[in-house]
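The values are calculated or read from the model by the stated rules, or taken from the named source; none is laboratory data. Just so it is clear, the structure is predicted and the values come from calculations on it, not from any experiment. Here the Cβ positions follow ideal geometry from the backbone for every residue, glycine too, while neighbour counts run over all protein chains shown.
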2 protein chains.
Amino acid sequence: MKADDIELVTRRPVVDGATQLVGIVGSPIAQVRAPEVWTGLFHFHGLNIICVPFHMLPEGLPDFFAGARRLRNLAGLIVTIPHKPAAVNLVDGLTERAALVRSVNFICIRPDGRWVGDIVDGIGFVENLKAHGVDPRGMRALLIGTGGVGTAIAFALAESGVSELFVHDRDTARSDGLAARLSNLERPVRTGPPDPAGFDLVVNASPLGMKSDDPMPMDATRIGAGSVVADVIVHETELLRRAAALGCRTIDGTGMMDHQLAFMAGHMGLGEMDFSAATARRIAAAARR
Amino acid sequence: MKADDIELVTRRPVVDGATQLVGIVGSPIAQVRAPEVWTGLFHFHGLNIICVPFHMLPEGLPDFFAGARRLRNLAGLIVTIPHKPAAVNLVDGLTERAALVRSVNFICIRPDGRWVGDIVDGIGFVENLKAHGVDPRGMRALLIGTGGVGTAIAFALAESGVSELFVHDRDTARSDGLAARLSNLERPVRTGPPDPAGFDLVVNASPLGMKSDDPMPMDATRIGAGSVVADVIVHETELLRRAAALGCRTIDGTGMMDHQLAFMAGHMGLGEMDFSAATARRIAAAARR
């Protein structure tokens, strides 16, 4: 770097002694977008907060939580893979949806120091559908994959007013358990085969499609041309390509994260400020220029 | 903030998922300069590392250390007031000087995960003297205040070749203990009264002078006109004002921090890069423009 670059690089102190931290804890961590997205939003609003990655292996999580709980300048903690289920047992309380989903992806640090776990993955997914003009209300929906993210989405879809919801997992005990828990909500949730025929909304919440040589999560030839097909994976999967070729509306997982920002910001007491997906994208676009 | 400011604020991502962290742990923390100074230097060198404040009360330190030791993206940890003595008992090993001084202000994280505590306050102090053209070699020196910083400076002065070193503390047990430990180095270190008469180098390493109504750490009227008078406090103290009025050369504590940067960078495996005090100041000056 040339000396001339000093001014560009240091024009604004990005962190000082009074900076508050929002952490994101996970492993692997290098790929997460939260530090850039959140830090851009905080600085846009003139807040002295940054989002920092905490790279943590599963065996270290209890010690890490015990230490992080002592921090006086931690404003919130985002929890990502593989720590979302384990975090359930390391907090002082859970929101209703986190208790049902048995997974935590954001920890709200209350003024009295209590750590309360919430899961907003599912809300982010449904908000992203709505931002694409797709309201799940009244739809017949099929959800493949009932791990942490799939469970959160199932809960959010059930809450959003789908007319029917079928869930499927290769681990049938897992999908059976989810259907049983959700049935307490008096929503029509059942397990079913991974057959997309006849559904208005088809969702892949399994990891199949992350790698190019993954098998398909379902028989894509059976997708109806009028279906909406959504995937939680952030790139265009083979499933989405085939669905698009059939004439379906397709929605990838990219926006699901951005639509969680406002909910997390609310937990940090910043609900009055603009943490919308649209503003996050404007800032990201400016950063790439 | 106006929308036009987005580009300025986010022109360069300051933190992303792959960012390494250097922490500074202390209480209070808002006043520390390390996050700005180090982050500016890291970015100047094109390194994806930032320095973040960790606000931690003393009772939380053992838990915090246990958790921070699990982090896989922590590149180093700076320890400041009030944690320097406690950190001695929370690491796997100490440098010789940290063992003697019984205080830690930087933790080197070895490739095998071992945490080794070092203390470079004293080295920074002596390097700052030299940067001002003052070589302590052969000088008769008086040091007031034998807390953590004073002890580190006493050790570094003894190592730097002063001809005589007298130390004083209002807590005489503390200064007696320091003199006994340093005597093992076969350096002429003795305790003495807080009387600056006849010394070439007079150092205040006590906190007296931080507040404007503090008593003087010594009888300033007894300072010789040819003495060098140095203070660890980062603003111009009443002691320095009176010494300057007597015609003495005076040096405040500002540079002491900047001259530790290169030693800490060496501990982070960055010893080949320019972490000099001069470069740190150029970057800080550019940031203020």
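Among the residues of segment A:238-269, those that are more than 30 Å from A:G40 (Cβ to Cβ), of a type in the set (G, A, S) and not in a loop (DSSP other than H, G, I, E, B) comprise A:A243, A:A244, A:A245.
For A:R187, the requirement of being under 22 Å from A:S227 (Cβ atoms) and of a type in the set (D, E, K, R) is met. For A:M256, the conditions (1) at pLDDT below 95; (2) surrounded by fewer than 22 Cβ atoms within 10 Å (Cβ to Cβ) all hold with the exception of (2).
In segment A:75-86, of all residues being within 15 Å of the chain's Cα centre (by Cα) and of a type in the set (A, V, I, L, M), the one that is nearest to A:P207 (Cα to Cα) corresponds to A:I81. From the list A:F199, A:F275, the lone residue that is at pLDDT 95 or above and either more than 30 Å from A:L74 (Cα to Cα) or not assigned by TED's automatic domain parsing to the domain that holds A:R102 (or both) is A:F199.
Within the option set A:A225, A:A287, being touching a Gly at 6+ places or on another chain (Cβ under 7 Å), part of a loop (DSSP other than H, G, I, E, B) and farther than 23 Å from A:G145 by Cβ holds for one residue only, A:A225. Sort through B:R281, B:R190, B:R249 and tell me the only one that's in contact with a Phe, Trp or Tyr (Cβ under 6 Å, 6 or more places away or on another chain) and of a type in the set (D, E, K, R). Unique residue meeting the criteria: B:R190.
Here is a yes/no grid of residues against (1) more than 8 Å from chain A (Cβ to nearest Cβ); (2) modelled with pLDDT of 95 or more:
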site: B:R12; (1), (2): no, no
site: B:T19; (1), (2): no, yes
site: B:P53; (1), (2): no, yes
site: B:P62; (1), (2): yes, yes
site: B:A68; (1), (2): no, yes
site: B:A75; (1), (2): yes, yes
site: B:I81; (1), (2): yes, no
site: B:P85; (1), (2): yes, no
site: B:L90; (1), (2): yes, yes
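For segment A:270-280, which positions are in a helix (DSSP H, G or I) and within 16 Å of the chain's Cα centre (by Cα)? A:A277, A:A280, listed by residue number. Residue check, A:M216 against (1) touching a Leu at 6+ places or on another chain (Cβ under 8 Å); (2) within 23 Å of A:G117 (Cβ to Cβ); (3) not charged (D, E, K, R), all met but one. Which one? Unmet condition: (2). For segment A:73-94, check the following and say yes or no: at least one residue is without any contact (Cβ under 8 Å) to a residue 24 or more places away in the chain, over 17 Å from A:M257 (Cα atoms) and among the charged types (D, E, K, R). No, every residue in segment A:73-94 fails to be without any contact (Cβ under 8 Å) to a residue 24 or more places away in the chain, over 17 Å from A:M257 (Cα atoms) and among the charged types (D, E, K, R). Scanning segment B:205-243 for residues that are free of Cβ contacts under 8 Å to residues at least 12 places away in the same chain and basic (K, R) turns up B:K211, B:R241. Looking across segment A:170-202, the residues that are crowded, with 22+ Cβ neighbours inside 10 Å, farther than 20 Å from A:V104 by Cβ and touching an Asp or Glu at 6+ places or on another chain (Cβ under 9 Å) come down to A:S175, A:V189, A:P196, A:F199. Of all residues in segment A:264-281, those satisfying the criterion of being surrounded by fewer than 18 Cβ atoms within 10 Å (Cβ to Cβ) and at negative phi are A:G266, A:G271, A:E272, A:D274, A:S276, A:A278, A:R281.
With respect to the conditions (1) in contact with an Asp or Glu (Cβ under 7 Å, 6 or more places away or on another chain); (2) within 14 Å of chain B (Cβ to nearest Cβ); (3) farther than 29 Å from A:T95 by Cβ, A:A280 lacks only one, and its number is (3). As a summary of the residue check, B:G40 satisfies the conditions (1) under 19 Å from B:H267 (Cα atoms); (2) touching a residue at least 24 places away in the same chain (Cβ under 8 Å); (3) in contact with a Leu (Cβ under 9 Å, 6 or more places away or on another chain) except for the one numbered (3). When segment A:223-242 is filtered for residues that are in contact with a helix residue (DSSP H, G or I) (Cβ under 8 Å, 6 or more places away or on another chain) and either more than 17 Å from A:M210 (Cβ to Cβ) or not assigned by TED's automatic domain parsing to the domain that holds A:V203 (or both), the ones remaining, listed by number, are A:I223, A:S227, A:V228. Of all the numbered requirements in (1) in a loop (DSSP other than H, G, I, E, B); (2) buried (at least 21 other Cβ atoms within 10 Å of the Cβ), A:K211 misses one, and that requirement is (2).
Being more than 14 Å from chain B (Cβ to nearest Cβ) and crowded, with 24+ Cβ neighbours inside 10 Å narrows it down to one of A:L100, A:L157, A:L94, so name that one. So the residue among A:L100, A:L157, A:L94 that is more than 14 Å from chain B (Cβ to nearest Cβ) and crowded, with 24+ Cβ neighbours inside 10 Å is A:L157.
Considering segment B:34-61 alone, what residues qualify as being farther than 23 Å from A:S27 by Cα and surrounded by fewer than 18 Cβ atoms within 10 Å (Cβ to Cβ)? Once the filter is applied, which keeps residues that are farther than 23 Å from A:S27 by Cα and surrounded by fewer than 18 Cβ atoms within 10 Å (Cβ to Cβ), segment B:34-61 yields B:H45, B:G46, B:L57, B:P58, B:E59. Counting the residues of segment B:152-171 that are within 14 Å of B:N204 (Cβ to Cβ) and either free of Cβ contacts under 8 Å to residues at least 12 places away in the same chain or not hydrophobic (A, V, I, L, M, F, W, C) (or both) gives 3.
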